[in-house]
Every structure is written in C-alpha cells, then in structure tokens.
1. Rounded to the nearest 20 Debye, what is the dipole magnitude of the chain about its Cα centre when Lys and Arg each give +1 and Asp and Glu each give -1 at the C-beta?
2. How much net charge surrounds R83 when only other residues with a Cβ under 15 Å from its Cβ are counted (Lys, Arg +1; Asp, Glu -1)?
3. I want the local charge near A55. Using Cβ-Cβ distances under 14 Å, sum +1 for each Lys or Arg and -1 for each Asp or Glu among the other residues.
4. Would you work out the relative contact order for the chain, in percent, from Cα pairs under 8 angstrom that are 6 or more residues apart?
5. With the other protein chains left in place, how much accessible area per residue, in square angstrom, belongs to the chain at a 1.4 angstrom probe?
6. So, with a 1.4 angstrom probe, what is the percent of accessible area on the chain that is carbon and sulfur?
7. Sort the range 1-92 into rounded, prolate or oblate with this rule: let a ≥ b ≥ c be the square roots of the eigenvalues of the Cα gyration tensor; rounded if a/c is under 1.5, and if a/c is not under 1.5, prolate when a/b is larger than b/c, oblate otherwise.
8. Local charge sum around Q98 (other residues, Cβ-Cβ under 12 Å, Lys/Arg +1, Asp/Glu -1)?
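The values are calculated or read from the model by the stated rules, or taken from the named source; none is laboratory data. A quick note: this is a predicted structure, and the numbers were derived from the prediction, not measured. Don't worry about glycine lacking a Cβ; one is built from the backbone with ideal geometry, like all the others, and counts go over all protein chains shown. Surface areas here come from the heavy atoms of the whole protein model, side chains and all, with no ligands, DNA or RNA. Shrake-Rupley method; radii C 1.70, N 1.55, O 1.52, S 1.80 Å.
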Amino acid sequence: MERRSFVRVPLDMPLFARMEAAGRPPCSGMVVDLSRGGMQLVLPAPPEGNLLGAAVVIAGMPGDVDPTGAGCAGTVCWVTSTRCGVRFTHLLPLSDAQLDALSV
C-alpha cells in the first residue's frame with residue numbers, strides 16, 4: 001500500500017502549468033491533483049527524453065498556489081506516457097483549508 005506524506009486533492013478547476021527542465025524544451029500540462037509536497041501533471045504528449053529524476057521548475061501557477069510567482073522547484077519522481085509526478089523541493093505554503101478550497 002502506497003503511503004503519502006501529504007494528502008493530495010483533486011482540483012475542481014483546470015490549472016495549467018509549464019514544466020521547465022534544464023536542457024529540455026518546456027512543456028505545458030494540466031495539474032490534476034496537488035498536495036503541499038507535490039503534484040500530478042497530465043501532458044498533452046509524451047515528454048521528449050527521459051524526465052525521471054529531472055530537476056524541474058513548475059511555472060505559471062496562480063498566486064494562491066505559488067505566492068512568490070517564482071515557480072515551484074521539484075524533481076520528477078514518476079513518469080508514464082502522458083503523466084508525471086513532481087515532488088516539490090520545498091512544501092507549498094498552503095494550509096489544509098487553502099488546499100481543501102482547491103479540491104472538488
């Protein structure tokens with residue numbers, strides 16, 4: 001059984017973000033679930049090359065998720081053909097109530 005450090009919530013609104021990894025073209029996708037420690041991103045097409053373990057920055061997220069606007073740094077921890085999971089380097093500054101407000 002998989003155990004997560006933080007509860008992930010499915011989002012009730014489309015949230016699009018841009019994933020940038022050094023030496024790779026940026027790719028955009030839709031965030032389908034989010035936690036203080038990570039997120040799942042659905043990509044429109046398989047990413048170029050192997051993203052597993054890549055250091056990335058997730059940009060273009062709204063201010064209630066990324067209050068500084070600097071992007072959320074993380075590491076790609078799993079990849080399928082059109083989805084990937086990102087573990088954030090630093091926890092998002094969201095309370096449980098703020099996270100719940102984003103959920104379905």
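1. On the way: 8 positive and 9 negative charges, 62 e Å.
So the dipole magnitude of the chain works out to roughly 300 debye.
2. On the way: positive: R8, R87; negative: D33.
Within the 15 Å Cβ shell, the charges total +1.
3. Values: positive: R24, R87; negative: E20.
Net charge around A55: +1.
4. On the way: 224 pairs, mean separation 29.5, N = 104.
Relative contact order here is 28 percent.
5. On the way: 5930 Å² over 104 residues.
Result: 57 Å² of accessible area for each residue.
6. Details: 3320 of 5930 Å².
With neighbouring chains kept in place, the figure for the chain is 56 percent.
7. Verdict is rounded for the range 1-92.
8. Working: positive: R36; negative: D64, D96, D100.
Neighbourhood net charge equals -2.
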